[in-house]
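First up is the structure itself, then whatever we jot down about it.
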Amino acid sequence: ATLKDGLRSQVSAALKEGRVTPTELCQRCLALIKSTKFLNAYVTVAEETALKQAEESEERYKRGQPLGILDGIPVAVKDNFNTAGIETTCASNMLKGYISPYNATVVQKLLDQGAVLLGKTNLDEFAMGSGSTDGVFGPVRNPWSYSKQYEEKSVPKSHSEDEGSNWVITGGSSGGSAAAVSSFTCFAALGSDTGGSTRNPAAHCGVVGLKPTYGLISRHGLIPLVNSMDVPGILTRCVDDAAVLLGSLAGHDPKDSTTIQDDFKPFELPNLTDVSKLSIGIPKEYHAPGLSSEILALWSKAADLFKNAGAKVVEVSLPHTRYSIVCYHVLCTAEVASNMARFDGLEYGHRSDTKESTESMYAATRREGFNDVVRGRILSGNYFLLKQNYEKYFVKAQKVRRLIANDFGKVFRSGVDILLTPTTLTDAAPYTEFIQEDNRTRSAQDDILTQAANMAGLPAINVPTALSERGLPVGLQFIGRSFQEKQLLTVAKWFEKQVQFPMIQLEEVKRHDNGVFQHQKSASFS
């Protein structure tokens, strides 16, 4: 087994047959985390805990009683999910040093199935951003910045230029999780997705990013950003692995009243051979301003791929899409303002030393604890929620959100099974270029193709599709009907097989894995 293999058919089998032990697998991943530390993907590495969990897993395999496919599999978790005994910071000074007394439901489910938790991954502060550049621990670097593919295409740098300035961003806000999966330091990672925070970095880092239907996976223990849109996201290196994780995490949780009541039956994805019964919708509104000609060509090519394979490909209209980013901004900041009120310096997290009055302590705590981005969103949200503005902005945005959801419902009722769209407008931007614009402008641009699925609560997945002219990953997005994850993932798996996305050639990983990547071409591991 190598770090490149798929969970269901290869790694799990290798563990069962004793060809590799959970401890060996864990040690290899920990060694890689150390050698790729410059990526800044992890904010906390729980080495002792991980090795202990790996040893316990090893004992279960020796007894012939593994807990399932995930037993002994190294995973990482975004640092906005609560983890008992491991610091949870949301990449903010406000929560530096905070250790939760309980695990988020999704983290507990992973541990109950024997997964080995390597550590917590980096993000934008409180998951507010689309570059993973605005956290207190510094920006995350995209592993593809150090790939052979990117280096071959990069313009030769002049000697006067800073050697380290050529790297590109991961996207965000789950950039740490995407970078961790992309650089082989773990087999799967959890992100969160409020407006595209799992799919966006997945597209930029060349991995699979799944945003499930709202209510399918519990949000209990995920530190909230926008309660009505947040969902835990799944990042893996192939679609099959995303299905494995989904099967382990989905289902009712009595601690989260928004989860589905029905039991969720895990599924194995079939190998689709006939797509002739499929109807693929191409929403014309997703031909958005700023969409690069390269991604537009790739989108057309993907539509032709389905057409040539016998699927019905139709242009559809989602007329209220053009209002969605403004609507999203109003609803997002309003809920942020409400959610951030809990960080007042009294019960947990940072507390200012100011002793003048309770009010001044509140104000100083929030000024010291939050960065400009978070404070800006709190201010915007409170403005929209003012008595004189509530009807004009918040209520109106809720009505537009309903119209956006209705657009999707109408298209799916017309017979369309899956929508095919770009995930991002361009490939990953160089860090120096990305920080020229403020967080709000960047987020508005980067969320434009992804946030409508959150507003409608629909499942969506990024599938890595090709490399851009600069040698960087580009992904396409599939949006499915509510709770039809099996159909969505089956189509995504078929597409993944057709496109054969190239494997990242990362010199750091090669050195650690004794050249096992040299003959590998495809990203389909299972």
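The values are calculated or read from the model by the stated rules, or taken from the named source; none is laboratory data. What you see is a predicted model, and the numbers here were worked out from it, not measured in a lab. Here the Cβ positions follow ideal geometry from the backbone for every residue, glycine too, while neighbour counts run over all protein chains shown. Side chains are part of the model used for accessible areas, which takes the heavy atoms of the whole protein and leaves out ligands, DNA and RNA. Shrake-Rupley method; radii C 1.70, N 1.55, O 1.52, S 1.80 Å.
Couple of notes before you dig in:
- Probe 1.4 Å, all protein chains present, accessible-area order of 148, 265, 399, 387, largest first: 387, 265, 399, 148
- Sequence-distant residues sharing a close amide H with residue 233 (under 5 Å, placed H): 191, 192, 193
- What segment 64-212 shows is 25 Å² of accessible area per residue, with the surface traced by a 1.4 Å probe over protein heavy atoms.
- Residue among 395, 382, 169 farthest towards the positive dipole end of the chain, charges placed on Cβ: 395
- Net charge of neighbours whose Cβ lies under 13 Å from the Cβ of residue 171, counting Lys and Arg as +1 and Asp and Glu as -1: -3
- 136, 11, reordered so the largest accessible area comes first (probe 1.4 Å): 136, 11
- Between segment 34-81 and segment 6-25, the alpha-carbon center distance in angstrom: 13 Å
- Percent carbon-and-sulfur accessible area, segment 135-280, ignoring ligands, DNA and RNA, probe 1.4 Å: 49 percent
- Residue-level accessible surface for residue 377, protein heavy atoms, 1.4 Å, Å²: 40 Å²
- Sites listed here are trypsin sites (Lys or Arg not before Pro) in segment 245-292 whose DSSP assignment is loop and whose Cβ has at most 16 other Cβ atoms within 10 Å: 255, 277.
- Helix-only CD estimate at 222 nm, as mean residue ellipticity for the chain, using -39500 (n - 2.57) per DSSP H run (n ≥ 4): -11000 deg cm²/dmol
- Per-residue SASA entry for residue 112, accessible area with 1.4 Å probe, Å² rounded to 10: 90 Å²
- Take every DSSP beta bridge whose two residues both sit in segment 39-130; close to 50 percent of them are antiparallel.
- q = 0.16, 0.19, 0.26 Å⁻¹, segment 252-338: log10 I(q)/I(0) [Debye, one scatterer per Cα]: -0.98, -0.99, -1.18
- The alpha-carbon of residue 34 sits under 24 angstrom from the alpha-carbons of these lysines, leaving out residues fewer than 8 places away in its chain: 4, 52, 78, 96, 120, 148, 510.
- Listed by chain and number, the aspartates and glutamates whose alpha-carbon sits under 12 Å from that of residue 265, ignoring those within fewer than 8 places in the same chain, are 485.
- Max-minus-min Cα coordinates of segment 392-468 on each principal axis give 43, 39, 13 Å, with the largest extent listed first.
- A Cα-only calculation for the chain places Rg and Dmax at 22.0, 72 Å.
- The value of relative contact order for segment 81-182, using C-alpha pairs under 8 Å at least six residues apart, is 26 percent.
- 146, 348, reordered so the largest accessible area comes first (probe 1.4 Å): 348, 146
- By DSSP, the beta bridges lying fully in the chain are antiparallel in about 70 percent of cases.
- Under 12 Å from residue 399, Cα to Cα: aspartates and glutamates that are on another chain or at least 8 residues apart: 391
- Remark: relative contact order (the chain) = 18 percent; criterion is Cα-Cα distance under 8 angstrom and separation of 6 or more residues.
- Contact order for segment 283-427, expressed relative to its length and based on alpha carbon pairs under 8 Å spaced 6+ residues apart, stands at 38 percent.
- Segment 303-330-segment 455-511 distance, computed between alpha-carbon centres (Å): 17 Å
- Of all accessible heavy-atom area on segment 310-410, the percent that carbon and sulfur account for (1.4 Å): 53 percent
- Nearest-20 debye value, the chain charge dipole, Cβ charges on Lys, Arg, Asp, Glu: 1100 debye
- Rolling a 1.4 Å probe over the protein heavy atoms leaves residue 482 with an accessible area of roughly 50 Å².
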